[in-house]
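Below is one structure; the comments refer to it alone.
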Amino acid sequence: MITMKTANTSQQEVAFVLPAYNEEQDLPALLHRIHDTMQDKPFGYHIVVVDDGSKDRTAEIARTAALTMPVRLIQHEVNKGLGAAMQTGLSAAMKEADFIATMDSDNSHDPEYITEMVRMLNRNSSLDVVIASRYQRGSIVKGVPYYRQMLSYGCFFMLKTLAPFRNVRDYSTGFRCYRASVLQRVAKQYDGELIKENGFVCQLELLLKMRSIRATADEIPYTLRYDLKAGASKLRIWRTVKRYFSVIWRHRRVLPAAESIPMASTQPQRA
């Protein structure tokens, strides 16, 4: 059973949101990594697994894990896409925790970085999100084919040019730690709709909505362990690139000038 944050609890709570679609090969290892990593941390935690209509044992794995760790399972009866799973998970988690950590369910992200992310948010009260970025000096990428890395860099330059967000380099990663209050602000601004896009571009969409309310961001370097991923990639590269342009165009009128967005006081070293 999950122990949620209550009004009489002074300890901060971190909610891990894991959107999952056919992740039976990778989800068990990630759940145990989170559980083991969080044992000695100075904050509480729970895990929200959003099973997006999986046809494998994803939901069963989450139910079994809930017997020994604080896991909550939310299920979509049919597959609705990553964006819908993120919308479901974030909407639930932002009501239950101080900070929301989002991670891919394929075990390529190390939960150990969450401690540093929470520390940054606590140290700087004006900071709204910390992003684990592939483009910060010191980051390491393992197991990603060279052509995919080159395409990724191309997308980075495109997004940085068309939709600059101060201190943000990695627009598409799903490895982030949000202050719950900023998600609540976005939800209020957009009538509860944190995310509209269904595919991987939902990560960009949420950043652009945060940018529109003048939220602040910062990044940390990390090691992306794509080599630990057992399941096949679900990313459709060219479809995603086209959706990037569509989302930027849709949000062009609500994007404030980059210079008008306040600078976060925490400054990571740039590459």
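Here, each number is a calculation from the coordinates, and none is a lab measurement. Predicted model, so just to flag it, every value in this text is computed and none were measured. Heads up, the Cβs are rebuilt from the backbone with ideal geometry, glycines too, and the neighbour counts pull from every protein chain shown.
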By how many nm would the segment from Arg57 to Gln39 lengthen if fully extended, with 0.36 nm per residue of separation less the alpha-carbon distance?
3.9 nm
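Which links in Lys55/Lys196; Lys41/Lys160; Lys95/Lys142 stretch past 28 Å when you go from one Cα to the other? It would help to have the intermediate numbers written out before the result.
Numbers: Lys55/Lys196 24 Å; Lys41/Lys160 35 Å; Lys95/Lys142 35 Å.
Beyond 28 Å: Lys41/Lys160; Lys95/Lys142.
Report the gain in length on full extension from Ser181 to Gln75: 0.36 nm times residue separation, minus Cα-Cα distance, nm rounded to one decimal. Provide the component values of the computation, followed by the final result.
Working: separation 106, 0.36 × 106 = 38.16 nm, distance 2.48 nm.
Gain on extension, Ser181 to Gln75, equals 35.7 nm.
Can you figure out the FRET efficiency of Asn124 with Gln189, using R₀ = 22 Å and their beta-carbon distance, to the nearest 0.05? Don't jump to the answer; show the numbers that get you there.
Numbers: r = 22 Å, r/R0 = 1.01.
Step by step, r from the Cβ atoms, then E = 0.50.
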Just to be sure I follow: if Rg is taken over the C-alpha atoms of the stretch 13-259 and Rh is the Kirkwood radius over the same atoms, what is Rg/Rh?
0.93
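Subtract the Cα-Cα distance of Arg166 and His32 from 0.36 nm times their separation in residues, and report this length gain in nm to one decimal. Show your work: numbers first, answer last.
Values: separation 134, 0.36 × 134 = 48.24 nm, distance 3.47 nm.
Once the chain is fully extended between Arg166 and His32, it gains 44.8 nm.
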